[in-house]
Amino acid sequence: GAVVSQHPSWVICKSGTSVKIECRSLDFQATTMFWYRQFPKQSLMLMATSNEGSKATYEQGVEKDKFLINHASLTLSTLTVTSAHPEDSSFYICSALHSNQPQHFGDGTRLSIL
Amino acid sequence: GQQLNQSPQSMFIQEGEDVSMNCTSSSIFNTWLWYKQEPGEGPVLLIALYKAGELTSNGRLTAQFGITRKDSFLNISASIPSDVGIYFCAGRMNSGYSTLTFGKGTMLLVSP
């Protein structure tokens, strides 16, 4: 089946640093990728929709300058959390979509900001 | 925005029991998806439903797309300890490229 790889799976860094998370579709070309954030015991919250070669569409309340998304190829999208602070600590999950198929998710990245 | 009401919020059952959970919406969805998420991992697709009334099985799992297109249920038969996890329903309103709306999840605990 479709495989989505997300890296890193876990990162701890100091407040003020920027963190980049990669999302790759391994066996298919993803025209659209999605970035979600999930707090403990809660559902997935869509942050942005990323289409290859164009600017990402951000959900209301998500700061585009804080969460930079780049979708440079059909198999790779990156999310950069800029100047991260403790309140940015969360579980970030990407998903990839090809044609009319269901979304397949990566294994998530647990981000902890000290 | 759209909301999915998923119930129950949690279930604690004995191994071997059957489980049923459902999602309802005030809006019509064209696709219903059921995912399972284990701790520290991303959701894994269990079943995808594309037509109203469709009933689809995946091993011990069975899901149905409601006739009104506003609800879906997931059944798990003869539960086993490895069924433990959080189950999410998700609905998609339009084409394949549109976003998903997620339910709040059902946490399933199975005791041996």
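Structure values in brief
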| item | result |
| --- | --- |
| Condition check for A:GLY61: at positive phi and within 14 Å of chain B (Cβ to nearest Cβ) | yes |
| Within the range A:1-98, strands (runs of 3 or more DSSP E) holding 3 or more residues that are among the hydrophobic types (A, V, I, L, M, F, W, C) | A:10-13, A:19-25, A:32-38, A:44-51, A:67-73, A:76-81, A:90-97 |
| Index of the failed condition, B:GLU54 passing every other in (1) under 23 Å from B:ILE13 (Cβ atoms); (2) among the charged types (D, E, K, R); (3) free of Cβ contacts under 8 Å to residues at least 40 places away in the same chain | (1) |
| Residues that are of a type in the set (Asp, Glu) and within 12 Å of the chain's Cα centre (by Cα), drawn from the range B:54-102 | B:ASP71 |
| Any chance B:GLU17 is under 18 Å from B:VAL110 (Cβ atoms), crowded, with 16+ Cβ neighbours inside 10 Å and not hydrophobic (A, V, I, L, M, F, W, C) | no |
| Unique match (being without any contact (Cβ under 8 Å) to a residue 60 or more places away in the chain, within 17 Å of A:PRO102 (Cα to Cα), among the aromatic types (Phe, Trp, Tyr) and crowded, with 20+ Cβ neighbours inside 10 Å) among B:PHE65, B:PHE29, B:PHE102 | B:PHE65 |
| Condition met for B:ARG60 (farther than 30 Å from A:SER90 by Cβ and either without any contact (Cβ under 8 Å) to a residue 60 or more places away in the chain or within 13 Å of chain A (Cβ to nearest Cβ) (or both)) | yes |
| Unique residue being in contact with an Asp or Glu (Cβ under 9 Å, 6 or more places away or on another chain), at negative phi and part of a strand (DSSP E or B) when the list is B:LEU108, B:LEU45, B:LEU33 | B:LEU108 |
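Here, each number is a calculation from the coordinates, and none is a lab measurement. Please read these numbers as outputs of a predicted model, since none were measured by experiment. All Cβ positions, even for glycine, are placed from backbone atoms using ideal geometry, and neighbour counts span all protein chains on display.
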